[in-house]
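Here the structure comes first, spelled out in structure tokens, and everything after it is commentary.
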Amino acid sequence: MQIARVVGTVVSTQKHRKFEGAKLLMVQPLNLDDTPKGAAFLAIDGVGAGVHEKVLVVLEGRAAGEALGRKAAPVDAAIIGIIDQVDVDVDL
């Protein structure tokens, strides 16, 4: 799983039948200090996330599809949670 921020939306008039009715979002992975980490990527939304929200993304194809109830869907990344707060214990 990875923490990311929703940075945009994707509109697709034609897509795989398993994605019908699904919302596609661009997400930017984040470091713990909220700075960007790597390149942004496309994720299917399973929780109603919006632009600028911090989210939890699962990055395993099979797990991503099943987390959204879309078994056998060609999914690489799925948004499975909206993050309200992250607390890090710096003494570890």
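The values are calculated or read from the model by the stated rules, or taken from the named source; none is laboratory data. Remember, it's a predicted structure, so these values are computed and weren't measured experimentally. Don't worry about glycine lacking a Cβ; one is built from the backbone with ideal geometry, like all the others, and counts go over all protein chains shown.
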Filter the range 37-52 down to the residues that are touching a strand residue (DSSP E or B) at 6+ places or on another chain (Cβ under 6 Å) and part of a loop (DSSP other than H, G, I, E, B), then identify the one that is modelled with the lowest pLDDT.
-> GLY46
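Looking only at the range 14-36, count how many residues are part of a strand (DSSP E or B) and closer than 23 Å to ASP87 by Cα.
Looking only at the range 14-36, we keep the residues that are part of a strand (DSSP E or B), and these are 23-30, 36.
Cutting the leftovers down to closer than 23 Å to ASP87 by Cα gives us 27-30, 36.
So the count comes out to 5.
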Over the range 53-92, the set of residues loosely packed, with under 11 Cβ neighbours inside 10 Å and either touching a strand residue (DSSP E or B) at 6+ places or on another chain (Cβ under 6 Å) or at pLDDT below 70 (or both) is GLY69, LYS71, ALA72, LEU92
